[in-house]
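The values are calculated or read from the model by the stated rules, or taken from the named source; none is laboratory data. Source: prediction; values computed, not measured. So basically every Cβ, Gly included, is an ideal-geometry build from the backbone, and we count neighbours across all protein chains shown.
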Amino acid sequence: MRDAVASVQGLREPVIDSDAVFTLGSIGVEKTAKILLGCAEVESAGRWPTMATMKGWGHDIDNLVSRLLHAAEQGQADAVATGYAATLIERVRDSTALPLLFATLSRYGRSGRFHYLDVLATDRPGEFDAPAEYWNRLEIEVSNGLGGAPGGSPQEFDAFLGRVSEAISHELDVWWFAMHRLGVQGCFGELGKKIGWEIWDYGRPDPLKRQHSA
């Protein structure tokens, strides 16, 4: 997750650099979601999910993050500070960028890694849209939230692209932090309290203390 956030923050040429962003992002989010869902399963069923269950979750990051947030809501009553947990859940739900980001990573995780190779091999569109199309929608959403792309010099436009990437990386950082804190709070059970500390980069600043409009 640390590397995924950093790769998004440094993104300037999506056509050239997107595979690194999509790879790190899809793997980081998927692993985070699955390990915390596993903790919630231990709490509710008394054992780690079976291999069949884990495979059933697949690489659909849209579904995984939705399932994880639902698990957090189900466990919110057991949180150390229920109000704080509710605030974290609300912050994630209110983000307009995160659904588009997760849609991008979901397409990449399910088929996007080989999207264009599949098109070349079959000479027809793939089962899913290209992840780059979803990323473009995400950039438009975030750009509009920042007031739209400015006119002026190429340097000014490059600086604006930097702000867009920074805003997207901030939202991913917020999601990561929220899942860490929800784990520590006990929303994913007793095991989740321990794992919540393990999935966060110790000493990393709280991203909620530096807000971006996205």
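Quick one: count up the residues across segment 195-214 that are closer than 15 Å to Ala79 by Cβ and either touching a strand residue (DSSP E or B) at 6+ places or on another chain (Cβ under 7 Å) or assigned to a loop (DSSP other than H, G, I, E, B) (or both).
So the answer is 0.
Conditions first: (1) exposed (fewer than 14 other Cβ atoms within 10 Å of the Cβ); (2) modelled with pLDDT of 95 or more. Met51 passes all but one, so which condition is the exception?
For Met51, the failing item is (2).
What are the residue pairs meeting all of these: first residue in segment 80-101, first residue touching a residue at least 60 places away in the same chain (Cβ under 8 Å), second residue outside any helix (DSSP H, G or I), Cβ atoms under 6 Å, and 6 or more apart or on different chains?
Hits for this filter: Val80/Gly186; Ala85/Ala79; Ala85/Cys187; Ala97/Ala214.
Give segment 38-79 a look and list any residue that's farther than 21 Å from Leu98 by Cα and in contact with a Lys or Arg (Cβ under 7 Å, 6 or more places away or on another chain), or say none.
Matches in segment 38-79: Met54 only.
Restricting to segment 142-154, and then to whatever is among the polar types (S, T, N, Q) and surrounded by fewer than 17 Cβ atoms within 10 Å (Cβ to Cβ), can you tell me which residue is modelled with the lowest pLDDT?
Within segment 142-154, the subset among the polar types (S, T, N, Q) is 143-144, 153.
When the remaining residues are screened for being surrounded by fewer than 17 Cβ atoms within 10 Å (Cβ to Cβ), the result is 144, 153.
Working: Asn144: 92, Ser153: 82.
Per the stated criteria, the residue is Ser153.
Looking only at segment 185-214, how many residues end up being free of Cβ contacts under 8 Å to residues at least 60 places away in the same chain and of a type in the set (A, V, I, L, M, F, W, C)?
Adding up the residues that qualify gives 2.
Would you confirm whether or not segment 67-85 contains a residue that is surrounded by 14 or more Cβ atoms within 10 Å (Cβ to Cβ) and either among the acidic types (Asp, Glu) or at pLDDT below 85 (or both)?
Yes, the conditions are met somewhere in segment 67-85.
I'm trying to understand the selection: among the residues of segment 188-212, which are hydrophobic (A, V, I, L, M, F, W, C) and out of contact with any Lys or Arg (no Cβ under 9 Å at 6 or more places or on another chain)?
Of the residues in segment 188-212, the ones hydrophobic (A, V, I, L, M, F, W, C) are 188, 191, 195, 197, 199-200, 208.
Matches in segment 188-212: Phe188, Leu191, Ile195, Trp197.
Here is a list: Gly183, Gly189. Which entry is in contact with a Ser or Thr (Cβ under 9 Å, 6 or more places away or on another chain), more than 20 Å from Ser106 (Cα to Cα), of a type outside the set (D, E, K, R) and at pLDDT 80 or above?
Values: Gly183 fails: in contact with a Ser or Thr (Cβ under 9 Å, 6 or more places away or on another chain).
After ruling out the rest, the residue left standing is Gly189.
Can you tell which of Glu139, Glu127 is modelled with pLDDT of 90 or more, of a type in the set (Asp, Glu) and either part of a helix (DSSP H, G or I) or loosely packed, with under 12 Cβ neighbours inside 10 Å (or both)? So that I can check it myself, show each step before the final result.
Details: Glu127 fails: modelled with pLDDT of 90 or more.
Being modelled with pLDDT of 90 or more, of a type in the set (Asp, Glu) and either part of a helix (DSSP H, G or I) or loosely packed, with under 12 Cβ neighbours inside 10 Å (or both) holds for just one of Glu139, Glu127, which is Glu139.
With of a type in the set (Gly, Ala, Ser), within 20 Å of the chain's Cα centre (by Cα) and within 21 Å of Val142 (Cα to Cα) as the only criterion, which of Ala33, Ala20, Ala72 stands out? Explain how you work it out, then say what you get.
Values: Ala33 fails: within 21 Å of Val142 (Cα to Cα); Ala72 fails: within 21 Å of Val142 (Cα to Cα).
So the residue among Ala33, Ala20, Ala72 that is of a type in the set (Gly, Ala, Ser), within 20 Å of the chain's Cα centre (by Cα) and within 21 Å of Val142 (Cα to Cα) is Ala20.
Those residues that are surrounded by 22 or more Cβ atoms within 10 Å (Cβ to Cβ) and either assigned to a helix (DSSP H, G or I) or among the β-branched types (Val, Ile, Thr) (or both), I need them from segment 182-194; list them, please.
Leu182, Gly183, Gln185, Gly192, listed by residue number.
For segment 41-79, how many residues meet the condition of being closer than 24 Å to Arg110 by Cα, of a type outside the set (Asp, Glu) and assigned to a helix (DSSP H, G or I)?
Qualifying residue count for the region: 17.
Being acidic (Asp, Glu) and crowded, with 20+ Cβ neighbours inside 10 Å narrows it down to one of Glu13, Glu41, so name that one.
Being acidic (Asp, Glu) and crowded, with 20+ Cβ neighbours inside 10 Å holds for just one of Glu13, Glu41, which is Glu41.
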